[in-house]
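Heads up, the thing below is written out as C-alpha cells.
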Amino acid sequence: MIGWGQLATASWTFLTNHARVLLCIAHDPGIRLRDIAARLDITERSAYGIVTDLVRVGYIVKHKGGRRNRYQIQAHLPLPEPTSRERTVGEIVALFAGDGSAPP
C-alpha cells in the first residue's frame, strides 16, 4: 500500500502541463507567460508553446490589450479524449479550480 508521503513526493504530476496552464488562465485571464512559467516550474518558452497549442486548437482565445494579453477559455468545447460522455473544457476547469473561476 502506498502511503501519503510516497504520493507527495511522486516524480510525476496528475495533470498535464497543458491542463495546468489552462487552470492558471482560469484563475487569472490576464496572467503573463513568465508568471505561468514560474508558477508551474516550466520555462517561459514551454509556457509560450503550450498557450500557442491551446490557442491553435481553439481552447483559448487570445485578446491583445496594449502590451498585455488576456485569455478567454472556450468552456463549451469538448475535450480531445474519447469518453463515454463528452466532457467540456469548462466542466474540467470547474472541477479542478473548485472556486467558481471557470467561465460560464
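Every read-out reported here was derived from the displayed coordinates using simple, explicitly stated rules and does not represent laboratory data. Just so we're clear, the structure is a prediction, and the values are computed from it rather than from any experiment. All Cβ positions, even for glycine, are placed from backbone atoms using ideal geometry, and neighbour counts span all protein chains on display.
For Ile73, what is the net charge nearby, where nearby means another residue's Cβ is under 12 Å from its Cβ and Lys, Arg count +1, Asp, Glu -1? Around Ile73, the charge tally is 0. Modelled spin labels at Asn69 and Asp35, positioned 7 Å past Cα toward Cβ, are 1.4 nm from each other.
In plain terms, the bigger the Kirkwood radius, the slower the diffusion; for segment 7-66, with that radius from Cα pairs, at 4 °C and 1.567 mPa s, Stokes-Einstein puts D at 107 µm²/s.
Restricting the calculation to Cα atoms, every distinct pair contributes to the Kirkwood radius of segment 37-94, found to be 12.8 Å.
With θ taken as phi - 60° and the Karplus curve 6.51 cos²θ - 1.76 cosθ + 1.60 applied, the whole-hertz 3J(HN,Hα) list for segment 21-34 is 5, 4, 5, 4, 5, 4, 6, 8, x, x, 4, 8, 4, 5 Hz, x standing for glycine and proline.
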